[in-house]
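Asker: Here it is, the structure in full.
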Amino acid sequence: MNSAYFSYVLHSYDLKKVLYSMGEGIRQSLNYDDLARSFILPIPTLDEQNQICNAIVFMENKVDETIETHDNTITKLEEYRKSIIYNAVAGKIDCREIV
């Protein structure tokens, strides 16, 4: 079994609040029988688990790269803005005719 796969599955269940619905109301305990009846854990083959994990890691990396690209763009735009404001205040550029 691929432990990363099960980590992703359980994390997705947490994000979807699957386990929260099992403890609603005044019920404060959850026993094994309750869990076994209402908690379905998909167990694909090891090869499929590995493929799923690889796909998730690939997408995570693409998302991280996209975020980094956007963060760099935002940083450059903030620097350009500060530069324009500084040059306008210092009189290095004439902004009087800009509407």
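The values are calculated or read from the model by the stated rules, or taken from the named source; none is laboratory data. Everything numeric here is computed off the predicted structure, so don't read it as measured data. Here the Cβ is made from the backbone with ideal geometry for all residues, glycine too, and neighbour counts use every protein chain on show. Accessible surface areas use protein heavy atoms only, side chains included; no ligands, DNA or RNA. Shrake-Rupley method; radii C 1.70, N 1.55, O 1.52, S 1.80 Å.
Asker: Where the second residue is part of a loop (DSSP other than H, G, I, E, B) and the first is open to solvent by 90 Å² or more (accessible area, probe 1.4 Å) and lies in segment 1-22, which pairs have Cβ atoms under 8 Å and are six or more apart or on separate chains?
Answerer: 1/43
Asker: Still on this model: Return the residues of segment 2-41 that are part of a loop (DSSP other than H, G, I, E, B) and either on the phi > 0 side of the Ramachandran plot or modelled with pLDDT of 90 or more (or both); say none if nothing qualifies.
Answerer: 2, 17, 25
Asker: Still on this structure, I have one more. Of all residues in segment 37-71, how many are open to solvent by 80 Å² or more (accessible area, probe 1.4 Å) and of a type in the set (A, V, I, L, M)?
Answerer: Count: 5.
Asker: To continue, here is another question. I'd like to verify a number: residues in segment 44-71 that are under 23 Å from residue 1 (Cα atoms) and either touching a helix residue (DSSP H, G or I) at 6+ places or on another chain (Cβ under 8 Å) or part of a helix (DSSP H, G or I) (or both), how many?
Answerer: First, pick out the residues of segment 44-71 that are under 23 Å from residue 1 (Cα atoms): 44-60.
Checking the rest, the ones that are also either touching a helix residue (DSSP H, G or I) at 6+ places or on another chain (Cβ under 8 Å) or part of a helix (DSSP H, G or I) (or both) come to 44, 46-60.
Qualifying residue count, segment 44-71: 16.
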